[in-house]
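Working notes for the structure below.
The values are calculated or read from the model by the stated rules, or taken from the named source; none is laboratory data. Everything quoted here is computed from the prediction, not taken from an experiment. Cβ placement follows ideal geometry from the backbone for every residue including glycine, while neighbour counts extend to all protein chains displayed. Calculation scope for accessible area: heavy atoms of the full protein, side chains included, ligands and nucleic acids excluded. Shrake-Rupley method; radii C 1.70, N 1.55, O 1.52, S 1.80 Å.
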Amino acid sequence: MQRIIDFRSRPPFGNLVRDWIFRLDDVPGNPGLRTKFKNMGMTLPDSLLRRSMDDFFAENERCGITHSVVPMRILPEQNNDDLAALLRAWPDRFTGFAGLRPMEDGLKRSLDELQTFVIDGPCAGVYMEPGLDPRPWMADDERLFPLYERCEEKDIPLYLLFGGVFHRNGAPSYDIYSPARIERLARTFPKLRILLSHACWPWTTYACAVAMNWENVWLSPDGFMIDHPGSQDYVLAANYRLQDKILFGSLYPSVPTEYAVTRYKTMLRPEVQDKIFYLNAAKFLNLKTSADAAPSSTDKESRP
């Protein structure tokens, strides 16, 4: 069976289910998962309906996912302690990226969290959401450069949610997700590994061009590679020019893992599938790629 690293997954564990992405029913201005799944022709999986880790693992095993990367969203109901608890419970099943909110919580606290949960802790890198934080911010804001410098110095990968839907009224301009901002980061910090979840959507062609041009920029279109306007750009890139720079992510719970894997397999040429599903993620994380070696959140090769 195809070995798979899922680079964007939020398992139904502890406080993580209090994230709004697990909400099944609609609220004003924001549809829940029942509506989304109906519109996309998907079926709600048992793991989501029952909030069950056993079902989550069973669904992953059926489709070949051996390891999941969990980017931590910081909310009043959940924080990096919850991610650390998940990594302690299943160190061989998950890799964690510690969530930071540098504009909301301040640069000092973000640097402290980086030290605690990544440099001295169980996480492999840092994760941030410039467009979804309470006060949106620009990824190339020079006030953040000390954080990027620290990551580059310690060879800590940067995972950004960069693209997608804002899920709120009064959303910022899509200029916040302009690939030009990533070009500036890549140029300023050439040794900083940068992964863009949602792959700058809707700036699809521009995003692909940036990943082609900058060695340290990687794309994970995740659910936006499936039946979204512009998704064909990602499919074409994954099959040809960017077959070494695009990573699979299911976007669970917003997309069932088995559905995501099935759809990706129908879109990808057989000769690139091992790259998209496994090898590119292992390379981004600096993991060994032996067929018998499963990545682990405790593998120090993925951390400074």
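Observations, loosely collected:
- First in segment 195-208 and closer than 7 Å to G163 by Cα and modelled with pLDDT of 95 or more, second anywhere and among the aliphatic types (A, V, I, L, M) and not in a strand (DSSP E or B), Cβ under 7 Å, 6 or more apart: A199/A207; C200/A207
- The number of residues in segment 86-103 that are touching a Pro at 6+ places or on another chain (Cβ under 8 Å) and loosely packed, with under 14 Cβ neighbours inside 10 Å comes to 1.
- Scanning segment 18-35 turns up one or more residues that are open to solvent by 40 Å² or more (accessible area, probe 1.4 Å), within 18 Å of the chain's Cα centre (by Cα) and touching a residue at least 12 places away in the same chain (Cβ under 8 Å).
- Options R73, R88, R50, R62: the member that is under 24 Å from I194 (Cα atoms) and of a type in the set (K, R): R73
- Identity of the residue in segment 38-60, under 22 Å from the mean Cα position of the chain (by Cα) and among the small types (G, A, S), that ends up least open to solvent (accessible area, probe 1.4 Å): S47
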